[in-house]
Amino acid sequence: MISTLELRHIIECGFQPLSCTCSVNPDGSLMIKVFDSISGRVDLLVTGVKTNDLTSSRAIAKLIGELRSEMVAHQATGTMVLAR
């Protein structure tokens, strides 16, 4: 089992060079916010990410890859907010 602290760190590093903050909601799910550190523009805000499936590096990498792909697909529309 990966600790929440380690999971947050891996996710935050996975979005570099953009800035990312990953916080734990009261229900134990994660909120992931990806933004440009210079302008402050939020490119992605995902709420309700369940951690019970994020038990391996492969699962975490898959999540990051999916979110990066969704960001690229929706870049023209501005901030993307997702609930999982």
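Take region 24-33 and flag every residue that is closer than 19 Å to MET71 by Cα and in contact with a helix residue (DSSP H, G or I) (Cβ under 9 Å, 6 or more places away or on another chain). Show your work before the answer.
Going residue by residue through region 24-33, those that are closer than 19 Å to MET71 by Cα are 30-33.
Listed by number, the residues that qualify are LEU30, ILE32.
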Qualifying strands (runs of 3 or more DSSP E) (wholly inside the chain; at least 3 residues being modelled with pLDDT under 95 and surrounded by 16 or more Cβ atoms within 10 Å (Cβ to Cβ)):
42-49
Consider region 12-29. How many of its residues are within 16 Å of VAL42 (Cβ to Cβ) and of a type outside the set (S, T, N, Q)?
6
With respect to GLY40, is the statement that it is on the phi > 0 side of the Ramachandran plot and touching a strand residue (DSSP E or B) at 6+ places or on another chain (Cβ under 7 Å) true?
no
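The values are calculated or read from the model by the stated rules, or taken from the named source; none is laboratory data. All values reported here derive from a predicted model rather than from experimental measurement. Every residue, glycine among them, receives a Cβ derived from its backbone with ideal geometry; neighbour counts consider all protein chains shown.
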